[in-house]
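Notes follow the structure.
Read-outs throughout are calculated quantities, based only on the coordinates presented, and are distinct from any laboratory measurement. As the structure is a prediction and not an experimental result, all values here were calculated from the model. Here the Cβ is made from the backbone with ideal geometry for all residues, glycine too, and neighbour counts use every protein chain on show.
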Amino acid sequence: MRRVLLEAQDVCRVFDHNGKNLILNHISTNIYEGDFTVIMGPSGAGKSTLLYSLSGMDRITGGKVLYQGKELPQGKEKEMASLRASEFGFIFQQFYLVSNLTLLENVEVAGFLSRRGPSGAVEKRARELLRHFHVEKVQDRLPSQVSGGEAQRAAIARAIINEPGLLFADEPTGALNKRNSTEVLDLLTELNRKGQSILMVTHDLKAALRGNRILYLEDGKIPDELTLPPFGEQDGHDREEKVNSWLSSLEW
């Protein structure tokens, strides 16, 4: 039986005081350990809002979010910040690297904030990650001095330096060209194969194909979902046809 990592129970998110702008409409779903879960849906469906609500970055209006069986400490920012630093990793469309720090320093800072080990161990892991992600040659450069693909790979290294239980990714390839997008998706796929649980929002079919589970979000609800074999264990053409057919049935 698959282990539930994160659980949404009747989650709502309203963006006005009158309760008329209901972005998330009583959503209940589970995110399972080891899965590469993808959230898709039309523009304005609330995909990013759902991602931020499940991660505690956005405070929900109603319902509960539980991580490893414990409710997220909504409204308790110090506790929530500690949880995000130790258990969650985040990758965004924009890299959000600190502009006056080198790539290496950006990754190290995230490690230092978690206080999981001595500074020497943090520096060693940061260098190992950047080497593995093929950015060691530019690790001493500022974000403005590297390519978008290099910056995003450094951002992924920063996101996983603390070995998070769940990695949240919001349109991680949205600002990249085709080659860099493929490299980033390959990296995320590799991480998932090694056991990293991932929850990713995307509007891009090629990116969605990397997931083994796709949640379809529309009008603040999840009307359907699709389960797939892990990426690489199914013929690519068959996989794309299956996802295309499913999305067409949902009038995506």
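Which FRET efficiency, nearest 0.05, do Glu225 and Lys178 yield, Cβ-Cβ r, R0 30 Å?
Result of the calculation: an efficiency of 0.60.
Show the residues, 5+ positions off or on another chain, whose built amide H is closer than 5 Å to the amide H of Val38.
Met200, Arg213, Ile214, Leu215
How tilted is helix 178-193 with respect to the longest principal axis of the chain? Cα atoms for both, answer in degrees (0 to 90, nearest 10).
With both axes taken from Cα atoms, the answer is about 80 degrees.
Given R₀ = 30 Å, FRET efficiency for Gln74-Glu190 by Cβ-Cβ distance, to 0.05?
So, using R0 = 30 Å, E works out to roughly 0.35.
Compute the relative contact order of region 5-109 as a whole-number percentage, counting only Cα pairs closer than 8 Å that sit 6 or more residues apart in sequence. Don't skip to the end; give the middle numbers.
Numbers: 123 pairs, mean separation 27.9, N = 105.
Reported relative contact order: 27 percent.
Across region 28-45, in residue order, what do the Karplus-derived ³J(HN,Hα) couplings come to in whole Hz, using 6.51 cos²θ - 1.76 cosθ + 1.60 with θ = phi - 60° and x for Gly and Pro?
Working through the residues one at a time gives 10, 7, 10, 10, 9, 4, x, 7, 10, 9, 10, 10, 10, x, x, 4, x, 6 Hz.
Whose amide H sits under 5 Å from the amide H of Asp224, counting only residues 5 or more places off or on another chain, with H placed in the peptide plane?
Tyr216
By DSSP, what percent of the beta bridges with both residues in the chain are antiparallel, rounded to the nearest 5?
55 percent
Under the classification rounded if a/c is under 1.5, otherwise prolate if a/b is larger than b/c and oblate if not, where does the chain fall, given a ≥ b ≥ c as square roots of the Cα gyration tensor eigenvalues?
On the way: a/c = 1.74, a/b = 1.26, b/c = 1.39.
Since a/c reaches 1.5 but b/c is at least a/b, the shape of the chain is classed as oblate.
Quick one: 3J(HN,Hα) in Hz for region 55-60, Karplus 6.51/-1.76/1.60 with θ = phi - 60°, rounded, Gly and Pro as x.
8, x, 6, 10, 7, 6
What nm value, rounded to one decimal, do you get for the distance between Glu240 and Val4 when each label is placed 7 Å out toward the C-beta?
Going by the 7 Å Cα→Cβ label model, 3.7 nm.
Applying a 10 Å radius around every beta-carbon, put 125-135, 218-228, 156-166 in order of their mean neighbour count, most first.
Averaged packing, sorted descending, gives the order 156-166, 125-135, 218-228.
Only four residue types carry charge here, +1 at the Cβ of Lys and Arg and -1 at the Cβ of Asp and Glu. Report the dipole size of the chain about the Cα centre in Debye, rounded to the nearest 20.
660 debye
So which of Lys124/Lys206; Lys20/Lys221; Lys47/Lys76; Lys124/Lys178 end up more than 22 Å apart by C-alpha?
Lys124/Lys206; Lys47/Lys76; Lys124/Lys178
Please list, in chain and number order, the residues 5+ apart from Leu24 or on another chain whose amide H is under 5 Å from its amide H, with Hs placed from the backbone.
Result for Leu24 returns Arg13.
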